[in-house]
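The values are calculated or read from the model by the stated rules, or taken from the named source; none is laboratory data. From a predicted model like this one, the values you see are computed outputs, not experimental measurements. Cβ sites come from the backbone with ideal geometry, for glycine too, and all protein chains shown count toward neighbours. Side chains are part of the model used for accessible areas, which takes the heavy atoms of the whole protein and leaves out ligands, DNA and RNA. Shrake-Rupley method; radii C 1.70, N 1.55, O 1.52, S 1.80 Å.
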Amino acid sequence: MTLLKANKITMQFGGLTAVSDFDLEIKNGEIIALIGPNGAGKTTAFNMITGVYKPTKGSIYLNDSDITGFRPDQITKKGIARTFQNIRLFKDLSVLDNVLIANHLNIKSSILEAALKLPRYKREERKMYEKSMELLKKVGLADLRDEKSSSLPYGKQRRLEIARALATEPKLLLLDEPAAGMNPKETEDLTLFIKQIRDEFDLTIFMIEHHMQVVMGISDRIYVFDYGVTIAQGTPYEIQNNQKVIEAYLGVSEDA
Amino acid sequence: MKNKKNIYTLISIALVILFLLLANSFFDSYQIRILNLCAIYVVLGLSMNLINGFTGLFSLGHAGFMAVGAYTTAILTMPIAAKEANYFMTPLVSPLNNMVWPFLPALIMGGLLSAVAAFIIGAPALRLKGDYLAIATLGFGEIIRILITNAQSLTNGALGLKSIPNTTNIWWSFGIAAATTVIMILLINSSYGRAFKAIREDEIAAENMGINLFKHKMLAFVIGAFFAGIGGGLLGNLLGTVDPNMFKFTLTFNILFVIVLGGMGSITGTIISAFIVTISMEVLRFLDAPINLGFITIPGITGMRMVVYSLLLIIVIIYFRQGLMGTREFSWDSVIALIKKAPFKKGGAK
């Protein structure tokens, strides 16, 4: 069943077309990767899907309902969560607070009920706390819950950012270069971790990644961007043997 | 352990009340007025800290919100005879002219009207960020002041209001300061408070975690303005007179200094620095008078105090940007740790 569908979405910044006519279809439970050289428009595509940018043309559907032009917070409520290329944790706040904040979107109590600690709010708060602690346990950060999030080692910050995204209870998780800056060991852990959360939380994952090990290892299908244009899509095997992809990455040989 | 801390808290509250009782009967009226001002600055500082320190909105419209609260409370509590005496140029509009409210409802009304003003200002202004928001709110604050100057039949214009009942006493000001503190603590530690802090830390991430930026910024802005209005009301009924010139943007900067010195995002810091700033403003008055250093006598220069004050501000901004407390808060644990660490056990590092 199709979870996310993008219909020829295009993003233009003035005269520059960052992404043109991107067609995307993601089915439930898939792990899809988006690759391409630097500046190919991958993050721009993410930003359109998560509502940071409104596509200049085209439309985006989540479970057949049109979400084009929605605000980021509305899209998160609909079930798309994301992480960022350069980690964007709430740096001065604790690990637990970071995850608790991602629970706020479902709050029913008004601010007055919250400030006066009325029963409904207390119930909600307890539920948020339990849910967040459970999540932290699952990602292995429970012991660090009172640490300032910026004091965590890099790999754990990445993990926390994913946990925070998971706390919004997404159906689709967008990971923007989750393995960036990681050493081989961390990369390997991350690959396992992504598979693990996909199964455990019943997720569909769409990620941007440069580490070919990760991409080829876990994705079901891959989209390749070059200068904002989708130059190829298919299984890892197809992509590895695609002439256009090889050219985009390695250049065209002189005598070809 | 938790019991012990509760006892400590109760003892401290009792001590504060005892101190206020003693102060009320032994201090002279000048000293009592300074104490009142301290408490009012706590209310004002906390309200501004919610907007600027916790939610990270660089807003400079505070004097405007205070003006709305001060005028509302003053007009509502002023006796009818005083109203007739004040509005000799243009009479006060009906039904305000023969309406006298008790202090508390008048204060709350002042807060509410100030919140309404914030809502109207916030709708366009909160779409801006950073410096642009600061400039816009600064402008709106001035607009409020200009409106007050010109609404002769409502505010008595540039003449201001005199003989406002001096209802504000130590109990009112400290009672409301305490209530504001409790509400702020509860609010900041709630899920909404966390959302405010998330917006301060990283707007883009907060929005992508499902936080409606505009709604939450507006909430912080309106609640902050509500308490600013109440603080303004307390101030007007403490001084007994209000006029539009009281609410120039320099007043906003005084409060900004309180929260910067105390630490943006610390309730404890704001309370401590409200006292420090208010008292030192008075203590430094000797600088305005001639100073005899023994070998040289500096003639009295009015405004010398403000020069020193500004220098202090510059030093704080350059060297102690975190303020006294940063974003930390008071807790008995840290006090106990401090006592244990410091003077008693000198050989502790064996």
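Along its principal axes, the range B:243-292 has C-alpha extents of 41, 30, 13 angstrom, given from the largest down.
About the centre of its Cα atoms, chain A shows a dipole size close to 1200 debye [charges on the beta carbon of Lys, Arg (+1) and Asp, Glu (-1) only; nearest 20 debye]. Taking B:LEU312, B:LEU76, B:LEU261 in turn, the Gaussian network model of chain B (Cα-Cα springs below 10 Å) assigns the largest fluctuation to B:LEU312.
Ordering A:GLY14, A:SER151, A:VAL214 by the projection of their Cα atoms onto the charge dipole of chain A, which places +1 on the Cβ of Lys and Arg and -1 on the Cβ of Asp and Glu, puts A:SER151 at the extreme positive end.
Projecting the Cα atoms of B:THR327, B:LEU287, B:TYR30 onto the charge dipole of chain B, computed from C-beta unit charges around the Cα centre, puts B:THR327 farthest toward the positive end. The figure for B:ILE276 is an accessible area of roughly 80 square angstrom, using a 1.4 Å probe on the protein chains alone.
Taken about its Cα centre, the protein assembly as shown carries a charge dipole of roughly 1940 debye when the Cβ of each Lys and Arg holds +1 and the Cβ of each Asp and Glu holds -1. A straight Cα-to-Cα reach below 16 Å connects A:LYS122 with the aspartates and glutamates A:GLU113, A:GLU130, residues fewer than 8 places away in its own chain not being considered. Take every Cα pair under 8 Å whose residues are at least 6 apart in sequence, average their separation, divide by the length of chain A, and the relative contact order is 26 percent. Build a GNM of chain A with springs between Cα atoms under 10 Å apart, and of A:ILE197, A:ILE49, A:ILE111 the one that fluctuates most is A:ILE111. Residues in chain A average 46 Å² of solvent-accessible surface per residue, probe 1.4 Å, ligands and nucleic acids excluded. Placing A:TYR249, A:TYR121 in order of accessible area, with the largest value first and a 1.4 Å probe, yields A:TYR249, A:TYR121. Straight Cα distances below 16 angstrom link A:LYS148 to the lysines A:LYS91, A:LYS156, B:LYS197, with same-chain residues fewer than 8 positions distant left out.
By accessible area, using a 1.4 Å probe on protein heavy atoms only, the range B:39-251 has 72% of its surface on carbon and sulfur.
Among A:PHE201, A:PHE46, A:PHE84, determine the one that fluctuates most according to a GNM of chain A built with springs between C-alpha atoms less than 10 Å apart. So, out of A:PHE201, A:PHE46, A:PHE84, the one fluctuating most is A:PHE201. When +1 charges are put on Lys and Arg Cβ atoms and -1 charges on Asp and Glu Cβ atoms, the dipole computed for the range B:39-251 relative to its Cα centre reaches about 80 debye. The residues of the range A:92-107 occluded by other protein chains by 40 Å² or more of accessible area, set against the chain on its own, are A:ASP92, A:LEU93, A:ILE101, A:HIS104; surface from heavy atoms, 1.4 Å probe. Checking the Cα-Cα distances for B:LYS129/B:LYS248; B:LYS83/B:LYS162; A:LYS8/A:LYS42; A:LYS54/A:LYS78; A:LYS27/A:LYS171 against a 18 Å cut-off, the pairs over it are B:LYS129/B:LYS248. At an R0 of 56 angstrom, the distance between the Cβ atoms of A:SER150 and B:GLU84 translates into a FRET efficiency of 0.35. Counted residue by residue at 0.36 nm each, then reduced by the alpha carbon distance between them, the extension gain from B:LEU311 to B:ASN3 reaches 106.4 nm.
Taking a straight line from the alpha carbon of A:LYS244, these aspartates and glutamates sit under 12 Å away, with near neighbours fewer than eight places off in the same chain left out: A:ASP226. Would you mind calculating the gained length between B:LEU10 and B:PHE286 on full extension (0.36 nm times residue separation, minus the Cα-Cα distance), in nm to one decimal? Once the chain is fully extended between B:LEU10 and B:PHE286, it gains 95.6 nm.
Since only B:ILE223, B:THR270, B:ASN98 are under comparison, the one whose Cα sits farthest along the positive direction of the charge dipole of chain B, derived from C-beta charges on Lys, Arg, Asp and Glu, is B:THR270.
Hey, any idea what % of the range A:15-81's accessible area is carbon plus sulfur with a 1.4 Å probe?
Answer for the range A:15-81 is 44 percent, counting heavy atoms of protein chains only.
Taking the protein heavy atoms of the range A:122-236 in the context of the full set of protein chains, the accessible area attributed to carbon and sulfur is 49 percent at 1.4 Å. Would you mind finding the longest exposed-site-free stretch of chain B, with exposed chymotrypsin sites (Phe, Trp or Tyr not before Pro) meaning DSSP loop and at most 15 other Cβ atoms within 10 Å? By the stated rule (loop sites, at most 15 other Cβ atoms within 10 Å), B:89-294. Label-to-label distance, A:LYS77 versus B:ARG328, with points set 7 angstrom from Cα along the beta-carbon direction: 3.9 nm. At 7 Å along Cα-to-Cβ for each site, give me the label-to-label distance between A:THR56 and B:SER163 in nm. Spacing of the two 7 Å Cα→Cβ label points: 7.1 nm. Excluding ligands, DNA and RNA and using a 1.4 Å probe, chains B and A jointly bury around 2600 Å² of accessible surface, summed across both partners. Using the Cβ-Cβ distance between B:ILE146 and B:VAL116 with R0 = 22 Å, the FRET efficiency computed as 1/(1 + (r/R0)^6) comes to roughly 0.75.
Spherically averaged projected area of the convex hull of Cα atoms, the range B:39-251: 10.9 nm². Residues in the range B:39-251 average 35 Å² of solvent-accessible surface per residue, probe 1.4 Å, ligands and nucleic acids excluded. Per residue, the protein assembly as shown reaches -17500 deg cm²/dmol at 222 nm when only DSSP H runs of four or more residues are counted, each adding -39500 (n - 2.57).
One equal scatterer on each Cα of the protein assembly as shown, no solvent, Debye formula: the resulting log10 I(q)/I(0) at q = 0.06, 0.09, 0.10, 0.11 Å⁻¹ is -0.43, -0.83, -0.96, -1.08. Backbone N atoms of the range A:1-40 closer than 16 Å to the 7 Å Cα→Cβ label point of A:ASN63 belong to residues A:1-5, A:26-30. Neighbouring Cβ atoms from other chains, within 10 Å of the Cβ of residues in A:67-80, number 3 on average.
With an 8 Å cut-off on Cα pairs and a minimum separation of 6 or more residues, tell me the relative contact order of the range B:39-251 in percent.
On the way: 360 pairs, mean separation 94.5, N = 213.
Rounded, it is 44 percent for the range B:39-251.
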